[in-house]
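Engineer: Below: one structure in structure tokens.
The values are calculated or read from the model by the stated rules, or taken from the named source; none is laboratory data. None of these values were measured; they are calculated from a predicted model. A quick note on method: Cβ atoms are made from the backbone with ideal geometry, for glycine too, and the neighbour counts reach across all protein chains shown.
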């Protein structure tokens, strides 16, 4: 069984952090988003992961080789970003048999084994949303099978959104549908979406069902990324009782995730703070903050902040969204 991970996007909504790393390697709750996604597939029966990379994609291979050697890996580059289906098609020589397809900029909880064991040619992970117009939507029959899919519907009346986790029984059938989609030039705003490929499979007699997610957390913009960080810390990523972090005259308020070699002096950290490897926090107060590796915060009070690697923050009060190798000093904002 294969897992296909399209990870080629520029991640423009997560800048400045995506100037120096692909979006899926931005940390949340102590590890990159990609790591959280791969963790879910341990024990599911994945033989090989196919990474479809793009912007700064050369960083992904060393990360997965170092941290997920249990999965075989193939790497395919998508140079022209013209849609989901096109990304899958580029990896066609590696795709056959049962396949999961997952978009790795979200964190979800779904019964992956049930999807793989379903009596269906395909299974779509779904989630009820208030406004489905920025998603794909599944239209289902009374028996629960999928009648058709619509990408980014114009109205909000059908709320069963397709949320980036898919299973197909035979990957070659999906590739055939994508080639038909591309031959017909079925695009939306110049992009080939999987919804149209699934519709072609349905037209050819495939049987699709849905599997409802129990959790869906978006990491696509800084505010959502921090919300996902809070959720993960609340649901298993808190290491406040096991960390070897050096805390001197300081208070730690769980849940937090503290690297073993970080140093916290005369400070209050938490709740929902992540302090990564090599960081120092001195004379400061941090809550709802992700402080990436090698950064220093001194004499500051930060909240709702995403701080890149090797950043120095001194004498600042408020929220921040700053990329790697930045310096911030001496400004106070009113909450």
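Engineer: How many residues does the range 127-149 contain that are closer than 23 Å to residue 190 by Cα and surrounded by 20 or more Cβ atoms within 10 Å (Cβ to Cβ)?
Structural biologist: Residues meeting the conditions: 6.
Engineer: Among 310, 246, which is more than 30 Å from residue 216 (Cβ to Cβ), within 24 Å of the chain's Cα centre (by Cα) and either in the same structural domain as residue 13 (by TED's automatic domain parsing) or surrounded by fewer than 18 Cβ atoms within 10 Å (Cβ to Cβ) (or both)?
Structural biologist: 310
Engineer: Sticking with this structure for a sec: Looking at 119, 143, 111, which is the one that is modelled with pLDDT under 95, at negative phi and within 24 Å of the chain's Cα centre (by Cα)?
Structural biologist: Among 119, 143, 111, only 111 is modelled with pLDDT under 95, at negative phi and within 24 Å of the chain's Cα centre (by Cα).
Engineer: Among the numbered criteria (1) surrounded by fewer than 24 Cβ atoms within 10 Å (Cβ to Cβ); (2) under 19 Å from residue 31 (Cβ atoms); (3) free of Cβ contacts under 8 Å to residues at least 60 places away in the same chain; (4) touching a strand residue (DSSP E or B) at 6+ places or on another chain (Cβ under 9 Å), which single criterion is violated by residue 283?
Structural biologist: (2)
Engineer: Identify the single condition in (1) out of contact with any helix residue (DSSP H, G or I) (no Cβ under 8 Å at 6 or more places or on another chain); (2) touching a residue at least 24 places away in the same chain (Cβ under 8 Å); (3) in a loop (DSSP other than H, G, I, E, B) that residue 278 does not satisfy, given that it satisfies every other one.
Structural biologist: Only one criterion in (1) out of contact with any helix residue (DSSP H, G or I) (no Cβ under 8 Å at 6 or more places or on another chain); (2) touching a residue at least 24 places away in the same chain (Cβ under 8 Å); (3) in a loop (DSSP other than H, G, I, E, B) is unmet by residue 278, namely (2).
Engineer: When the residues of the range 207-218 are filtered to those that are at pLDDT below 95 and in a loop (DSSP other than H, G, I, E, B), which remaining residue is surrounded by the fewest Cβ atoms within 10 Å (Cβ to Cβ)?
Structural biologist: 214
Quick grid of which residues meet (1) in contact with a strand residue (DSSP E or B) (Cβ under 7 Å, 6 or more places away or on another chain); (2) part of a loop (DSSP other than H, G, I, E, B); (3) in contact (Cβ under 8 Å) with a residue 60 or more places away in the chain:
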| position | (1), (2), (3) |
| --- | --- |
| 3 | yes, no, yes |
| 24 | yes, no, yes |
| 37 | yes, no, yes |
| 41 | yes, yes, yes |
| 51 | yes, no, no |
| 59 | no, no, no |
| 65 | no, no, no |
| 70 | no, yes, no |
| 100 | yes, no, yes |
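Engineer: Quick one: how many residues across the range 161-175 are crowded, with 24+ Cβ neighbours inside 10 Å and within 19 Å of residue 93 (Cα to Cα)?
Structural biologist: So the answer is 3.
Engineer: Moving on to the next point. For the range 104-141, which residues satisfy the criterion of being touching a residue at least 24 places away in the same chain (Cβ under 8 Å) and more than 19 Å from residue 208 (Cα to Cα)?
Structural biologist: If the condition is that a residue be touching a residue at least 24 places away in the same chain (Cβ under 8 Å) and more than 19 Å from residue 208 (Cα to Cα), then 104, 105, 106, 107, 108, 109, 129, 130, 131, 132 are the ones that fit.
Engineer: Separate question: Just to check your reading of the model, which residue among 124, 112 is buried (at least 21 other Cβ atoms within 10 Å of the Cβ) and in contact with a strand residue (DSSP E or B) (Cβ under 6 Å, 6 or more places away or on another chain)?
Structural biologist: Result of the check over 124, 112: 124.
Engineer: Restricting attention to the range 217-245, report how many residues are under 16 Å from residue 319 (Cα atoms) and without any contact (Cβ under 8 Å) to a residue 40 or more places away in the chain.
Structural biologist: Going through the range 217-245 one residue at a time, the tally reaches 2.
Engineer: Another question, then. Among the residues of the range 219-230, are any at pLDDT below 95, in a helix (DSSP H, G or I) and more than 17 Å from residue 106 (Cβ to Cβ)?
Structural biologist: Within the range 219-230, none of the residues are at pLDDT below 95, in a helix (DSSP H, G or I) and more than 17 Å from residue 106 (Cβ to Cβ).
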